[in-house]
Amino acid sequence: MKRICIKIGSNVLTKENGELNTSRIKNIVFQISELHKKGFQCILVSSGAVAAGKSKLSLSEKLDTVSARQIWSSVGQVELLNMYSSFLKEFKIECAQVLVTKQDFRTREHYLNMKNCLNSLLTNSILPIVNENDAVSVTALMFTDNDELSGLIASMMDVEALYLLSNINGIYTGNPEDDDSELLSTVNGDINRLKQFITTKKSNFGRGGMLTKCSIAGRVAKSGIPVHIANGGVDNILLNLINSPNEVMHTSFTASKKASTVKQWLAGSDGFEKARLIINKGAEDALLSAEATSLLPIGLIEILGEFEKGDIIKIVGQSGKVIGLGKTQYNKEKASKYIGKSGAKPLVHYDYLFLY
Ligand SMILES: Nc1ncnc2c1ncn2[C@@H]1O[C@H](COP(=O)(O)OP(=O)(O)O)[C@@H](O)[C@H]1O
Ligand SMILES: N[C@@H](CCC(=O)OP(=O)(O)O)C(=O)O
């Protein structure tokens, strides 16, 4: 069964004034129904709630931005799901609303509950429509945007591909409006070179911007899932991307070797680390070499924060470069005794290490 995750940005789903774009949503639903007929399982991560609510409700300017966003998103979400649900019914497809927060990815229990729910929906041919629970997810607890959420869902559900549908054809080598900017068709590996091309400009209701989109696409591709950025405003873009990708303007992030489910989980755990381990150059070179290498305490310079056995930690080089995320084999107290010393077993075993 081919399983894919499709993320659709606010600007694809709404008109300039923020109202939901019914013809666009109808075409998206049509494409999903066609994919269902071809045996695809689809997970839809849909933005658009805040925009839809904003177009419906004008609020007092005195109202603080958090409350305004909570009102708009909770009212807009009703509009959004109602529209999806009524259009899907024409194809005899049921949909389900799944609202999540970043915290739900922090605890293994919530993570597995979410995974079980999505698997159960998919095996019953129900379309899960996932969005951030903006009613409770405010300030620090938020995802950067639904690109991040869709990357976490893609890793968690081990999909065949992640499609990020935006209001742009893909990543350009400069300002997309400039004639001499070219569309990048493929991105292999290191995404740092893309940063020179990307401006902080966002679409009207966009939250994260292209830089966020790229870093998430790069991480998901590194964990073994191909990612495609394309223009959701083009009719049948998804069907064309899947059926004849070479004829469609888009940017594809080539997937590395598929990581294990544990590594996929670690890949999505950025921000949930309990501590940071500063490692020396020798350890950094060893971890980043072609050899499968575990992190030994002899390579540690400093431990910032507390951790217990089994906690997630972030590994950082002396230069400040983030090397990866890992799950510890023992706690900080024991690790501290072995900093810079040989003779201890690996603090992070290779099987529980995700390298950027
Ligand atoms: N080099 C670039 N190539 C393509 N888009 C870019 C680039 N630099 C900045 N952008 C901007 O990124 C926007 C898409 O990001 P975002 O607003 O977060 O979209 P979405 O709402 O779909 O997540 C585009 O509308 C474009 O204005
Ligand atoms: N939960 C928010 C998502 C905001 C968001 O990530 O928007 P976008 O950057 O357009 O995908 C909403 O539904 O409006």
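The values are calculated or read from the model by the stated rules, or taken from the named source; none is laboratory data. For clarity, every value in this text was computed on a predicted model and none was experimentally measured. So basically every Cβ, Gly included, is an ideal-geometry build from the backbone, and we count neighbours across all protein chains shown.
A few remarks follow.
- Of all the residues in the range 321-356, those that are exposed (fewer than 13 other Cβ atoms within 10 Å of the Cβ) and within 16 Å of residue 307 (Cα to Cα) number 3.
- Residue selected from the range 294-319 under the condition among the small types (Gly, Ala, Ser) and modelled with pLDDT of 95 or more, by the criterion surrounded by the fewest Cβ atoms within 10 Å (Cβ to Cβ): 305
- Cross-chain or 6+ apart pairs with Cβ under 9 Å, the range 89-114 first and of a type in the set (Lys, Arg), then surrounded by fewer than 17 Cβ atoms within 10 Å (Cβ to Cβ) and in a strand (DSSP E or B): none
- Every residue from the range 3-45 that is more than 23 Å from residue 99 (Cβ to Cβ), away from ligand 2 (no atom under 16 Å from the Cβ) and either within 19 Å of the chain's Cα centre (by Cα) or assigned to a loop (DSSP other than H, G, I, E, B) (or both): 38, 39
- Given (1) within 16 Å of ligand 1 (Cβ to nearest atom); (2) of a type in the set (A, V, I, L, M); (3) touching an Asp or Glu at 6+ places or on another chain (Cβ under 8 Å), index of the condition residue 44 fails: (3)
- Cross-chain or 6+ apart pairs with Cβ under 8 Å, the range 117-141 first and in contact (Cβ under 8 Å) with a residue 24 or more places away in the chain and under 15 Å from residue 46 (Cβ atoms), then among the polar types (S, T, N, Q) and within 16 Å of ligand 1 (Cβ to nearest atom): 129/46; 130/46; 130/150; 131/46; 131/47; 131/146; 132/146; 134/73
- Counting only strands (runs of 3 or more DSSP E) that sit wholly inside the range 202-291, those with at least 2 residues that are crowded, with 22+ Cβ neighbours inside 10 Å and either within 14 Å of ligand 1 (Cβ to nearest atom) or modelled with pLDDT under 95 (or both) are 227-231, 251-253.
- Test: residue in the range 74-83 that is within 16 Å of ligand 2 (Cβ to nearest atom), buried (at least 23 other Cβ atoms within 10 Å of the Cβ) and free of Cβ contacts under 8 Å to residues at least 60 places away in the same chain: yes
- Leading residue by the ranking (modelled with the lowest pLDDT) among those in the range 99-113 that are within 17 Å of residue 265 (Cβ to Cβ) and outside any helix (DSSP H, G or I): 107
- Among the residues of the range 231-245, just one is more than 15 Å from residue 38 (Cβ to Cβ), in contact with a helix residue (DSSP H, G or I) (Cβ under 6 Å, 6 or more places away or on another chain) and more than 16 Å from ligand 2 (Cβ to nearest atom), namely 235.
- The set of residues in the range 1-18 that are closer than 24 Å to residue 119 by Cα and away from ligand 1 (no atom under 14 Å from the Cβ) comprises 1, 2, 3, 4, 5.
- One residue stands out among those in the range 119-151 that are under 16 Å from the mean Cα position of the chain (by Cα), of a type in the set (A, V, I, L, M) and more than 15 Å from ligand 1 (Cβ to nearest atom): the one that is surrounded by the most Cβ atoms within 10 Å (Cβ to Cβ), which is 129.
- Residue 181 being within 16 Å of ligand 1 (Cβ to nearest atom) and surrounded by fewer than 16 Cβ atoms within 10 Å (Cβ to Cβ): yes
- Only one of 58, 67, 47 that is surrounded by 13 or more Cβ atoms within 10 Å (Cβ to Cβ) and not hydrophobic (A, V, I, L, M, F, W, C): 47
- Apart from one condition, residue 116 fits all of (1) modelled with pLDDT under 95; (2) within 21 Å of the chain's Cα centre (by Cα); (3) surrounded by fewer than 18 Cβ atoms within 10 Å (Cβ to Cβ); the exception is (1).
- Looking only at the range 27-64, residues that are of a type in the set (Ser, Thr, Tyr) and more than 19 Å from residue 12 (Cβ to Cβ) come to 2 in all.
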